[in-house]
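The values are calculated or read from the model by the stated rules, or taken from the named source; none is laboratory data. Remember, it's a predicted structure, so these values are computed and weren't measured experimentally. Please note: Cβ atoms are built from the backbone with ideal geometry, for glycine as well, and neighbour counts cover all protein chains shown.
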Amino acid sequence: RAKQDGRGVFRFFEPALDAAARKRRQLELDLREALLTGQFRLNYQPIFDLAKDRIGCFESLLRWEHPTRGNVSPSEFIPVAEETGLIVAIGEWVMHEACRQAADWPSHVRVAVNVSPLQFRNSGFSNIIFQALTRSGLPANRLEIEITESVFLEGEDGVLQVLHQLRGMGVRIALDDFGTGYSSLSYLRSFPFDKIKIDKSFVDRVAQDESSAAIVLAIVDLAKALKMETTAEGVEDRDQLDQLRGQGCSSIQGYWFSRPVEGGAVLDLIAEPMSAAA
Ligand code: C2E
Ligand code: MG
Ligand code: MG
Ligand code: MG
């Protein structure tokens, strides 16, 4: 039956595929244009340190205002930027911009920058970080890079070498979206990350279901034993916060505390008297 339908099915889907490919190609052209004409901005979302009861870090999140389509979500354009290799140039812009802005923040506040696998595996990567730190004057220990387990997929050796190099410079390394990859635990043994970011999917139901709570507690305890910090991602309500605090999570990030804000609003957020206990 499949054979018989083969041609018809093919003819039927071809125009749709074409349209998808055209849309992708257009997105690629638009991304190039965006980089050249400065359509990207960074927003920053605070990460609240529960022990110190203050903001300890802001995660930089890339924003793109397309001239005709309006805001395009990173989950739509980052994958295209990765497939086309454009992420290397975009990521370089992000690194410089994040360090430049963070250099104006109080010295106890760090900036966290997302780095995608292709960007990380690019041979010039540690040099780009070095340049961004030098040009901005941001001390290396105030920069944290966030990588996901997927950077390890094409082999660990080169990746570990770069991680050690960055660590040697004083840059902090966080493992993002922890728990969603394939063999998370082996990566924890390969490298002493500074921080584990517990994926939102576990945080979502941490106050409701026992299995989510058990998994979060296990990650927090594991991180403690490995002397790593933990950030819970996507905290949206008070019950989640109370649960996470009780479990000994080091910091929280999410809409409950603050949505990502524009660069100009960062200092105001830091100055606001805020407490997670409020
Ligand atoms: P991520 O690194 O895991 O970032 C967290 C995402 O969760 C952000 O989405 C943030 O806005 C969102 N978020 C934070 N708190 C909450 C919450 O309480 N509820 C909900 N529903 N969402 C929350 P965003 O900004 O859309 O970014 C999506 C992803 O795009 C990021 O996930 C990251 O993987 C990627 N990304 C963003 N900026 C960059 C960048 O500069 N470079 C690279 N390579 N990737 C980036
Ligand atoms: Mg992240
Ligand atoms: Mg994340
Ligand atoms: Mg995520």
Filtering the stretch 32-49 down to residues that are in contact (Cβ under 8 Å) with a residue 40 or more places away in the chain and surrounded by fewer than 20 Cβ atoms within 10 Å (Cβ to Cβ), which residue is farthest from PRO106 (Cα to Cα)? ARG32
Filter result for GLU65 (more than 16 Å from ligand 2 (Cβ to nearest atom), part of a helix (DSSP H, G or I), surrounded by fewer than 22 Cβ atoms within 10 Å (Cβ to Cβ) and charged (D, E, K, R)): no
Scanning for something modelled with pLDDT of 95 or more and within 30 Å of PHE152 (Cβ to Cβ), does the stretch 257-264 turn up at least one residue? yes
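So that you can scan it fast, the table gives a plain yes or no per residue for (1) away from ligand 4 (no atom under 16 Å from the Cβ); (2) buried (at least 17 other Cβ atoms within 10 Å of the Cβ); (3) aliphatic (A, V, I, L, M):
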position	(1), (2), (3)
GLN119	yes, yes, no
SER136	yes, yes, no
ASN141	yes, no, no
THR148	no, yes, no
Can ALA132 be described as under 20 Å from ALA232 (Cα atoms) and either over 15 Å from the mean Cα position of the chain (by Cα) or of a type in the set (Gly, Ala, Ser) (or both)? no
